[in-house]
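**Student:** What follows is a single structure, and I will ask about it in a moment.
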Amino acid sequence: MIRLACVVGDPISHSRSPRLHAAWLARHQISGAYLSFRVKKEDFETTLRRLRQAGFVGCNVTLPHKEAALRLADRASEAAQRIGAANMLTFTAAGLEADNTDCFGFLENIRARFPDWRPKRVAVLGAGGAARAVLAALAVVGVAEVRISNRTKERAERLALEFKATAVTWEERDAMLDGCDTLVNTTSLGMTGRPPLDLPLEALPKGALVTDLIYDPLETSLLRRAKERGNPVVGGIGMLVYQAVPAFERWFGQRPRVDQRIFEALAG
Ligand code: NAP
């Protein structure tokens, strides 16, 4: 039997998930396919019904459907509930199951490079969907202090309240780096085609780990500047790869290998 899975979102043409899953399917010699569908907000619920009828085992969900995915599910994992959004849906006999693997992907990506990473004071830029997963992950690892800054102040304040963090104004974003051991960029600033992230790094300790969720380009200007001044850095492509591991295992029955070859398949 050929197992079918997919990713749905709008836009979707930029997604690297089909290439990632195709590489794993080939390497593990699994008979399956992973497709992508551009689905408008108003068509999401109908699409899920059609995918189930067509025999899909599951789908990944990206913007703008992550909250709706959780709402429409019959059961949700603790991670999906804590984050308030789902990026993975599985069609089961008992109904629609929702999970969120972004939190896992974020942590695994850093731990794969820096197994001794034990953050105590973390600065987070951005307060969108990705920031929610990062804050949930930081709560899991028991960070003592999280500072969060976002262009739209109210969104940072809302997340700060929910995840017991401290909201810092966007104007003070560089000052909040003082004394931090980790800096996370969850904004889309610095992505190809978007404005650069304007963030002086003088206040950031040289030993602090800097990670950017953006993976296009693979090395953002934030990461380049941090590397040049001696900070350890972690790019976003690994998060994309690690968040896909639980989905691939669930839908295709084998835990996929994460190694250099998979990163090369994605870069090429
Ligand atoms: P989102 O919900 O749309 O949030 C976007 C964030 O960027 C918001 O905090 C927004 O601030 C901020 N922003 C956008 N334009 C800005 C500007 N001109 N000036 C200042 N701030 C600005 O998107 P998301 O889902 O959180 O994704 C954010 C980034 O993370 C994207 O680049 C995405 O590709 C990446 N990501 C990567 C992975 C991975 O696996 N590596 C996973 C998820 C997301 P406002 O609130 O003020 O609008």
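**Student:** Mind computing the radius of gyration and Dmax over the alpha-carbon atoms of the chain? Å is fine for both.
**Tutor:** 18.5, 57
**Student:** Taking the Cα centre of the chain as origin and charging only Cβ (+1 Lys, Arg; -1 Asp, Glu), how large is the dipole, in debye to the nearest 20?
**Tutor:** Its charge dipole is roughly 540 debye.
**Student:** Between 0 and 90 degrees, rounded to the nearest ten: what's the tilt of helix 17-27 against the longest Cα principal axis of the chain?
**Tutor:** The answer is roughly 60 degrees.
**Student:** Once amide H atoms are built 1.01 Å from N in the peptide plane, which residues 5 or more positions from residue 36, or in another chain, come under 5 Å H to H?
**Tutor:** HN-HN under 5 Å from residue 36: 7.
**Student:** Give me the compactness ratio for region 41-176, meaning the Cα radius of gyration over 2.2 N^0.38 Å.
**Tutor:** Region 41-176 yields a ratio of 1.18.
**Student:** Oh, and also: Assuming R0 = 30 Å, what is the FRET efficiency of residue 157 and residue 227, from their Cβ-Cβ distance, to the nearest 0.05?
**Tutor:** 0.40
**Student:** To make sure I understand the rule: partners must be aspartates and glutamates, Cα under 19 Å from the Cα of residue 41, and not fewer than 8 residues away in the same chain. Which ones qualify?
**Tutor:** Correct list for residue 41: 10, 67.
**Student:** Whenever you get a sec, compute what percent of the accessible area on the chain sits on carbon and sulfur atoms (1.4 Å probe).
**Tutor:** The nonpolar share, carbon plus sulfur, comes to 50 percent.
**Student:** Measure off 7 Å from each Cα along the Cα-to-Cβ vector at residue 178 and residue 117, then give the distance between these two points in nanometres to one decimal.
**Tutor:** 2.6 nm
**Student:** Taking the Cα centroid of region 252-268 and of region 1-56, what is the distance between the two, rounded to the nearest whole Å?
**Tutor:** If you average the Cα positions of each part, the centres end up 17 Å apart.
**Student:** Still on this structure: Using the alpha carbon gyration tensor of region 12-80, what are the three equivalent-ellipsoid semi-axes (square root of 5 times each eigenvalue), largest first, in whole Å?
**Tutor:** Each semi-axis is the square root of five times an eigenvalue, giving 22, 14, 13 Å.
**Student:** Suppose we keep just the DSSP beta bridges with both residues in the chain; what percent of those would be antiparallel, to 5?
**Tutor:** In the chain, approximately 20 percent of DSSP beta bridges are antiparallel ones.
**Student:** Could you grab the relative contact order for the chain? Cα pairs under 8 Å, six or more apart, rounded to a whole percent.
**Tutor:** Computed over the chain, the figure is 16 percent.
**Student:** Work out from phi, with θ = phi - 60° and the Karplus expression 6.51 cos²θ - 1.76 cosθ + 1.60, the ³J(HN,Hα) of each residue of region 224-239, listed in order in whole Hz, and give x for Gly and Pro.
**Tutor:** Values per residue, Gly and Pro as x: 5, 5, 5, 5, 4, 8, x, 6, x, 10, 9, x, x, 5, x, 5 Hz.
**Student:** Next up: With a point put 7 Å past each Cα toward its Cβ, work out how far residue 31 is from residue 78 in nm, to one decimal.
**Tutor:** Each label point lies 7 Å from its Cα, and together they span 3.9 nm.
**Student:** In addition: Find the accessible area per residue for the chain; the probe is 1.4 Å, ligands and nucleic acids are left out, and the unit is Å².
**Tutor:** Here the per-residue accessible area is 48 Å².
**Student:** Okay, moving on. For the residue pair residue 38 and residue 216, what label-to-label distance in nm results when each label sits 7 Å from Cα along the Cα-to-beta-carbon direction?
**Tutor:** About 1.3 nm separates the two model spin labels.
**Student:** Along its three principal axes, how long is region 134-268 when you only count alpha carbons? Whole Å, largest extent first please.
**Tutor:** Dimensions of region 134-268 along the principal axes of its Cα atoms: 46, 34, 29 Å.
The values are calculated or read from the model by the stated rules, or taken from the named source; none is laboratory data. Note that the coordinates shown come from a computational prediction; the quantities given were computed from them, not determined experimentally. Glycine gets a Cβ as well: all are built from the backbone with ideal geometry, and neighbour counts include every protein chain shown. The area values use the complete protein model at the heavy-atom level, side chains included, leaving out ligands, DNA and RNA. Shrake-Rupley method; radii C 1.70, N 1.55, O 1.52, S 1.80 Å.
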